[in-house]
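The values are calculated or read from the model by the stated rules, or taken from the named source; none is laboratory data. Because the structure is predicted, anything quoted here is derived from the model rather than measured. Virtual Cβ from ideal backbone geometry, glycine too; neighbours counted across all protein chains shown.
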Amino acid sequence: MIELFERELKDDGRRSSKGNQLKWERNGIWYKTDYLGYEGLAEYAVSSLLKRSSLKADEFVCYEPETMVYKTKTFTGCKSEDFAGKCQVITLERLFTSIYGVGLNKGIYSVKDHKQRLKFLVEQVERTTGLKNFGIYMSKLFTLDALFLNEDRHTHNISVLMEKDSEFKLCPIYDNGAALLSDTMFDYPLRCDIYLEKDRVKTKTICDSPEEQLEIAESLYGQNIHFDWNEKDVDDCMEGASIYSKEIRDRVKDLLLEQKRKYAYLF
(Lines give C-alpha, C1' and ligand atoms only; values in the text may rest on other atoms or scores of the structure.)
Protein backbone atom coordinates (compact mmCIF):
# COMPACT_ATOMS: atom_id res chain seq x y z
CA MET A 1 0.00 0.00 0.00
CA ILE A 2 1.23 3.47 -0.86
CA GLU A 3 -0.03 6.93 0.12
CA LEU A 4 -0.14 9.42 -2.74
CA PHE A 5 -0.56 13.18 -2.73
CA GLU A 6 -2.29 15.86 -4.75
CA ARG A 7 0.99 17.35 -5.97
CA GLU A 8 1.73 14.01 -7.64
CA LEU A 9 -1.57 13.87 -9.56
CA LYS A 10 -1.07 13.85 -13.32
CA ASP A 11 -3.15 14.44 -16.39
CA ASP A 12 -1.42 12.64 -19.25
CA GLY A 13 -3.81 14.01 -21.86
CA ARG A 14 -5.07 10.56 -22.84
CA ARG A 15 -8.81 9.99 -22.76
CA SER A 16 -10.87 6.83 -22.52
CA SER A 17 -14.47 6.20 -23.49
CA LYS A 18 -14.62 4.00 -20.37
CA GLY A 19 -13.86 6.88 -18.00
CA ASN A 20 -10.68 8.45 -16.75
CA GLN A 21 -8.80 7.01 -13.80
CA LEU A 22 -6.87 9.03 -11.24
CA LYS A 23 -3.16 8.88 -12.07
CA TRP A 24 -0.08 9.85 -10.11
CA GLU A 25 3.65 9.82 -10.86
CA ARG A 26 6.37 9.45 -8.26
CA ASN A 27 10.05 8.78 -8.91
CA GLY A 28 9.45 7.31 -12.35
CA ILE A 29 6.54 5.09 -11.28
CA TRP A 30 2.98 5.69 -12.50
CA TYR A 31 0.01 4.72 -10.35
CA LYS A 32 -3.60 4.58 -11.49
CA THR A 33 -6.77 3.67 -9.67
CA ASP A 34 -9.62 1.41 -10.62
CA TYR A 35 -12.54 3.50 -11.86
CA LEU A 36 -15.33 1.22 -13.08
CA GLY A 37 -14.28 -2.15 -11.70
CA TYR A 38 -10.99 -4.05 -11.84
CA GLU A 39 -9.00 -2.22 -14.51
CA GLY A 40 -5.78 -2.69 -12.54
CA LEU A 41 -6.23 -6.45 -12.50
CA ALA A 42 -6.88 -6.41 -16.25
CA GLU A 43 -3.67 -4.44 -16.87
CA TYR A 44 -1.71 -6.81 -14.65
CA ALA A 45 -3.17 -10.00 -16.14
CA VAL A 46 -2.59 -8.93 -19.74
CA SER A 47 0.99 -7.81 -19.18
CA SER A 48 1.80 -10.90 -17.09
CA LEU A 49 0.61 -13.22 -19.84
CA LEU A 50 2.38 -11.18 -22.52
CA LYS A 51 5.57 -12.28 -20.79
CA ARG A 52 4.57 -15.74 -22.04
CA SER A 53 4.34 -14.60 -25.64
CA SER A 54 6.64 -13.97 -28.57
CA LEU A 55 6.69 -10.23 -27.86
CA LYS A 56 9.99 -8.80 -26.69
CA ALA A 57 10.18 -7.27 -23.21
CA ASP A 58 10.37 -3.72 -24.58
CA GLU A 59 7.24 -4.14 -26.70
CA PHE A 60 4.77 -3.85 -23.83
CA VAL A 61 4.38 -2.16 -20.46
CA CYS A 62 4.41 -4.32 -17.33
CA TYR A 63 1.88 -3.57 -14.59
CA GLU A 64 1.64 -4.72 -10.98
CA PRO A 65 -1.40 -4.55 -8.67
CA GLU A 66 -1.24 -1.82 -6.04
CA THR A 67 -3.39 -0.45 -3.23
CA MET A 68 -3.30 3.34 -3.00
CA VAL A 69 -4.38 5.79 -0.33
CA TYR A 70 -5.32 9.29 -1.45
CA LYS A 71 -6.70 11.77 1.05
CA THR A 72 -9.26 9.70 3.00
CA LYS A 73 -9.93 7.00 0.40
CA THR A 74 -8.28 3.68 -0.40
CA PHE A 75 -8.19 2.47 -4.00
CA THR A 76 -7.15 -0.68 -5.79
CA GLY A 77 -5.37 -0.29 -9.09
CA CYS A 78 -1.96 -0.81 -10.63
CA LYS A 79 1.49 0.67 -11.06
CA SER A 80 4.04 0.66 -13.86
CA GLU A 81 7.42 2.14 -14.65
CA ASP A 82 7.57 5.24 -16.85
CA PHE A 83 8.24 3.76 -20.29
CA ALA A 84 8.72 7.02 -22.16
CA GLY A 85 12.15 7.96 -20.86
CA LYS A 86 13.18 11.19 -22.60
CA CYS A 87 10.55 10.74 -25.30
CA GLN A 88 7.10 12.27 -25.48
CA VAL A 89 4.11 9.93 -25.62
CA ILE A 90 1.75 11.34 -28.21
CA THR A 91 -1.55 9.78 -29.23
CA LEU A 92 -2.35 9.38 -32.90
CA GLU A 93 -5.37 11.62 -32.49
CA ARG A 94 -3.35 14.44 -30.95
CA LEU A 95 -0.53 14.01 -33.46
CA PHE A 96 -2.79 14.32 -36.47
CA THR A 97 -4.80 17.17 -34.96
CA SER A 98 -1.63 19.16 -34.27
CA ILE A 99 -0.22 18.61 -37.77
CA TYR A 100 -3.31 18.60 -39.97
CA GLY A 101 -5.93 20.33 -37.82
CA VAL A 102 -8.19 17.27 -37.88
CA GLY A 103 -8.00 14.02 -35.94
CA LEU A 104 -7.15 10.66 -37.50
CA ASN A 105 -10.33 8.99 -36.25
CA LYS A 106 -12.51 11.17 -38.47
CA GLY A 107 -10.45 10.14 -41.49
CA ILE A 108 -10.64 6.45 -40.59
CA TYR A 109 -14.42 6.48 -40.33
CA SER A 110 -14.82 8.44 -43.55
CA VAL A 111 -13.75 5.20 -45.27
CA LYS A 112 -16.64 2.75 -45.61
CA ASP A 113 -14.79 -0.53 -46.10
CA HIS A 114 -13.29 -1.87 -42.86
CA LYS A 115 -10.23 -3.37 -44.51
CA GLN A 116 -9.53 -0.11 -46.29
CA ARG A 117 -9.89 1.69 -42.95
CA LEU A 118 -6.96 -0.26 -41.52
CA LYS A 119 -4.89 0.32 -44.64
CA PHE A 120 -5.71 4.03 -44.43
CA LEU A 121 -4.70 4.17 -40.74
CA VAL A 122 -1.40 2.40 -41.34
CA GLU A 123 -0.51 4.39 -44.47
CA GLN A 124 -1.29 7.72 -42.82
CA VAL A 125 0.75 6.94 -39.71
CA GLU A 126 3.73 5.70 -41.73
CA ARG A 127 3.59 8.75 -44.01
CA THR A 128 3.37 11.18 -41.10
CA THR A 129 5.92 9.59 -38.74
CA GLY A 130 8.30 7.77 -41.08
CA LEU A 131 7.75 4.58 -39.10
CA LYS A 132 7.94 1.24 -40.90
CA ASN A 133 5.80 -1.87 -40.38
CA PHE A 134 3.07 -0.05 -38.49
CA GLY A 135 0.66 -2.62 -39.91
CA ILE A 136 2.48 -5.36 -37.96
CA TYR A 137 2.16 -3.21 -34.84
CA MET A 138 -1.60 -2.83 -35.42
CA SER A 139 -1.89 -6.56 -36.02
CA LYS A 140 -0.37 -7.17 -32.59
CA LEU A 141 -2.78 -4.71 -30.98
CA PHE A 142 -5.78 -6.34 -32.64
CA THR A 143 -4.59 -9.78 -31.54
CA LEU A 144 -4.40 -8.61 -27.93
CA ASP A 145 -7.77 -6.89 -28.15
CA ALA A 146 -9.50 -10.01 -29.50
CA LEU A 147 -7.83 -12.47 -27.13
CA PHE A 148 -8.18 -10.32 -24.00
CA LEU A 149 -11.51 -8.66 -24.90
CA ASN A 150 -10.21 -5.09 -24.83
CA GLU A 151 -12.98 -2.79 -26.03
CA ASP A 152 -11.29 0.58 -25.64
CA ARG A 153 -8.54 0.81 -28.28
CA HIS A 154 -8.86 3.91 -30.43
CA THR A 155 -6.76 6.77 -31.74
CA HIS A 156 -6.95 8.57 -28.38
CA ASN A 157 -4.89 5.81 -26.75
CA ILE A 158 -2.83 4.35 -29.60
CA SER A 159 0.40 6.29 -29.35
CA VAL A 160 3.86 6.78 -30.77
CA LEU A 161 6.99 8.00 -29.01
CA MET A 162 8.49 11.26 -30.25
CA GLU A 163 12.11 12.02 -29.49
CA LYS A 164 13.46 15.55 -29.02
CA ASP A 165 14.66 15.69 -32.62
CA SER A 166 11.08 14.90 -33.76
CA GLU A 167 12.04 11.36 -34.73
CA PHE A 168 9.36 8.78 -34.00
CA LYS A 169 9.46 5.23 -32.72
CA LEU A 170 6.88 2.64 -31.80
CA CYS A 171 5.30 2.93 -28.38
CA PRO A 172 5.22 -0.10 -26.05
CA ILE A 173 1.73 -1.58 -25.82
CA TYR A 174 -0.12 -0.11 -22.85
CA ASP A 175 -3.64 0.71 -21.63
CA ASN A 176 -5.40 -2.65 -21.49
CA GLY A 177 -7.51 -1.70 -18.49
CA ALA A 178 -10.79 -2.10 -20.39
CA ALA A 179 -9.99 -5.77 -21.08
CA LEU A 180 -11.50 -8.90 -19.50
CA LEU A 181 -14.94 -7.36 -18.81
CA SER A 182 -13.38 -5.10 -16.17
CA ASP A 183 -16.29 -2.62 -16.16
CA THR A 184 -18.44 -4.11 -13.38
CA MET A 185 -20.16 -0.82 -12.58
CA PHE A 186 -22.16 -0.47 -15.78
CA ASP A 187 -21.58 -3.00 -18.55
CA TYR A 188 -20.59 -6.33 -16.99
CA PRO A 189 -21.82 -6.75 -13.38
CA LEU A 190 -20.00 -9.36 -11.34
CA ARG A 191 -22.85 -11.85 -11.36
CA CYS A 192 -23.54 -11.69 -15.09
CA ASP A 193 -23.05 -14.69 -17.36
CA ILE A 194 -19.57 -13.97 -18.71
CA TYR A 195 -19.92 -16.54 -21.49
CA LEU A 196 -22.84 -14.54 -22.89
CA GLU A 197 -21.56 -11.09 -22.02
CA LYS A 198 -18.16 -11.53 -23.64
CA ASP A 199 -19.89 -11.70 -27.02
CA ARG A 200 -21.20 -8.15 -26.43
CA VAL A 201 -17.68 -6.69 -26.40
CA LYS A 202 -17.33 -4.11 -29.16
CA THR A 203 -14.07 -2.64 -30.41
CA LYS A 204 -13.51 0.91 -31.64
CA THR A 205 -10.48 1.09 -33.92
CA ILE A 206 -11.81 0.25 -37.39
CA CYS A 207 -15.10 -1.54 -36.57
CA ASP A 208 -17.00 -2.91 -33.58
CA SER A 209 -16.05 -6.59 -33.97
CA PRO A 210 -12.80 -7.83 -32.35
CA GLU A 211 -12.92 -10.95 -34.51
CA GLU A 212 -13.28 -8.94 -37.73
CA GLN A 213 -10.51 -6.54 -36.75
CA LEU A 214 -8.14 -9.45 -36.12
CA GLU A 215 -9.12 -11.24 -39.33
CA ILE A 216 -8.51 -8.09 -41.38
CA ALA A 217 -5.16 -7.39 -39.72
CA GLU A 218 -3.93 -10.95 -40.24
CA SER A 219 -5.05 -10.93 -43.87
CA LEU A 220 -3.06 -7.74 -44.50
CA TYR A 221 -0.05 -8.09 -42.21
CA GLY A 222 0.07 -11.70 -41.04
CA GLN A 223 -0.04 -13.34 -37.62
CA ASN A 224 2.52 -11.62 -35.43
CA ILE A 225 2.13 -12.99 -31.88
CA HIS A 226 2.34 -16.49 -30.46
CA PHE A 227 1.41 -17.35 -26.84
CA ASP A 228 2.43 -20.26 -24.64
CA TRP A 229 0.71 -19.60 -21.29
CA ASN A 230 -1.39 -22.29 -19.65
CA GLU A 231 -3.78 -22.73 -16.72
CA LYS A 232 -0.96 -22.83 -14.18
CA ASP A 233 0.36 -19.51 -15.50
CA VAL A 234 -3.10 -18.03 -15.07
CA ASP A 235 -3.32 -19.41 -11.52
CA ASP A 236 0.07 -17.89 -10.69
CA CYS A 237 -1.06 -14.59 -12.14
CA MET A 238 -4.26 -14.57 -10.09
CA GLU A 239 -2.33 -15.46 -6.95
CA GLY A 240 -0.27 -12.32 -7.51
CA ALA A 241 -3.42 -10.20 -7.52
CA SER A 242 -4.61 -10.99 -4.00
CA ILE A 243 -5.77 -7.39 -3.44
CA TYR A 244 -8.80 -8.39 -5.53
CA SER A 245 -11.56 -10.69 -4.30
CA LYS A 246 -11.61 -14.39 -5.13
CA GLU A 247 -14.86 -13.83 -7.02
CA ILE A 248 -13.18 -11.34 -9.36
CA ARG A 249 -10.05 -13.44 -9.80
CA ASP A 250 -12.07 -16.59 -10.55
CA ARG A 251 -14.09 -14.69 -13.14
CA VAL A 252 -10.94 -13.39 -14.85
CA LYS A 253 -9.42 -16.88 -14.83
CA ASP A 254 -12.53 -18.36 -16.44
CA LEU A 255 -12.50 -15.64 -19.11
CA LEU A 256 -8.83 -16.19 -19.90
CA LEU A 257 -9.19 -19.93 -20.28
CA GLU A 258 -12.29 -19.53 -22.43
CA GLN A 259 -10.49 -17.06 -24.70
CA LYS A 260 -7.52 -19.41 -24.91
CA ARG A 261 -9.85 -22.13 -26.16
CA LYS A 262 -11.46 -19.78 -28.67
CA TYR A 263 -8.13 -18.60 -30.12
CA ALA A 264 -6.26 -21.90 -29.81
CA TYR A 265 -4.43 -21.23 -33.09
CA LEU A 266 -2.49 -18.44 -31.38
CA PHE A 267 -0.97 -20.95 -28.92
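If you go through the range 114-126 and pick out every residue that is among the acidic types (Asp, Glu) and under 12 Å from Leu220 (Cβ atoms), you end up with 1.
Scanning the range 77-103 for residues that are under 22 Å from Ala241 (Cβ atoms) and touching a helix residue (DSSP H, G or I) at 6+ places or on another chain (Cβ under 6 Å) yields Gly77, Cys78. Somewhere in the range 157-167, is a residue free of Cβ contacts under 8 Å to residues at least 12 places away in the same chain, closer than 27 Å to Ala84 by Cα and not assigned by TED's automatic domain parsing to the domain that holds Lys51? Checked the range 157-167: at least one residue is free of Cβ contacts under 8 Å to residues at least 12 places away in the same chain, closer than 27 Å to Ala84 by Cα and not assigned by TED's automatic domain parsing to the domain that holds Lys51.
Any residue that is of a type in the set (Val, Ile, Thr), over 20 Å from Ile158 (Cα atoms) and in contact with a strand residue (DSSP E or B) (Cβ under 6 Å, 6 or more places away or on another chain) - is there at least one of those in the range 56-66? No, the range 56-66 contains no residue that is of a type in the set (Val, Ile, Thr), over 20 Å from Ile158 (Cα atoms) and in contact with a strand residue (DSSP E or B) (Cβ under 6 Å, 6 or more places away or on another chain). If you filter the range 205-224 down to residues that are touching a Ser or Thr at 6+ places or on another chain (Cβ under 7 Å) and buried (at least 18 other Cβ atoms within 10 Å of the Cβ), you find that the one that is nearest to Ala179 (Cα to Cα) is Pro210.
Every listed requirement among (1) loosely packed, with under 12 Cβ neighbours inside 10 Å; (2) at pLDDT below 95; (3) closer than 30 Å to Cys192 by Cβ; (4) not β-branched (Val, Ile, Thr) is met by Asp11 save one, (3). Those helices (runs of 4 or more DSSP H) of the range 23-140 in which 1 or more residues are surrounded by fewer than 16 Cβ atoms within 10 Å (Cβ to Cβ) occupy 92-100, 104-108, 114-129.
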